[in-house]
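Read-outs: derived from the displayed coordinates by stated rules, not from any lab. All of these numbers come straight from a predicted model, not from anything done at the bench. Here Cβ is always computed from backbone atoms with ideal geometry, including for glycine, and neighbour counts include all displayed protein chains.
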Amino acid sequence: MNPIHILAAGEGDGLPLEETPNVLSPALYDIVWSLIPFAVVLFVFWKFVLPMFKRVLDERTERIEGGIEKAEAAQAEAKAALDKYNAQLAEARGEAAKIRDDARAQGQQILADMKAEAQAESDRIVAAGHQQLAAQRQQIVTELRGDLGRQSVELAERLMGEQLSDPVRRSGTIDRFLADLDKVAGAGQK
């Protein structure tokens, strides 16, 4: 620097041709040199970074939409499976009710069959008892006829004083006596 400039600057007066620089407005050469790197950065950003950024955003959008579609498909599949399960459950309940009704009807049929068998067995036992009683009655009647015949012959021998040892006479006498007894018994039952 020149001493004159120093002296002139020292007095507080600036040189008449020089202006004091404004801090808020930069010089034109600073603006130009700042715009060139900005344009280069903007061009690189526009040409390389922005397309890559768009591609990443598109991939994410596709993944998200694909995930949403998969979730919707899974939800629809789950709903279909739930509907199918509910239908199977309703069908199983219907089958269970049918099986219960069939079992109840079979139980009633078995009970009715058992009652019929028990009644048939009871009737058979009663009929067998009646047959046994009739056979015993016949046997007793036969035994009583023999005893009555002997006793009546003995009584007749005592009363008549003669012996009825002849089998033909004895048989005829016994038969008449028993016939008379049957008539008396038949008249008494009426």
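Computed over neighbours whose Cβ is under 12 Å from that of ALA76, the net charge equals -2, Lys and Arg +1, Asp and Glu -1.
Between the listed residues HIS130, LEU89, MET114, the Cα displaced farthest toward the positive end of the dipole of the range 70-161, a dipole computed from Cβ unit charges relative to the Cα centre, is found at LEU89.
GLY94: net charge of surrounding residues, Cβ under 12 Å, Lys/Arg +1, Asp/Glu -1, itself excluded? Show your work: numbers first, answer last.
Numbers: positive: ARG93, LYS98, ARG100; negative: GLU91, GLU95, ASP101.
That sum, taken over residues with Cβ under 12 Å, equals 0.
At 0.36 nm per residue, minus the direct Cα-Cα distance, what do LEU24 and GLU143 gain on full extension? Give it in nm, one decimal, please.
Values: separation 119, 0.36 × 119 = 42.84 nm, distance 15.94 nm.
Value of the extension gain: 26.9 nm.
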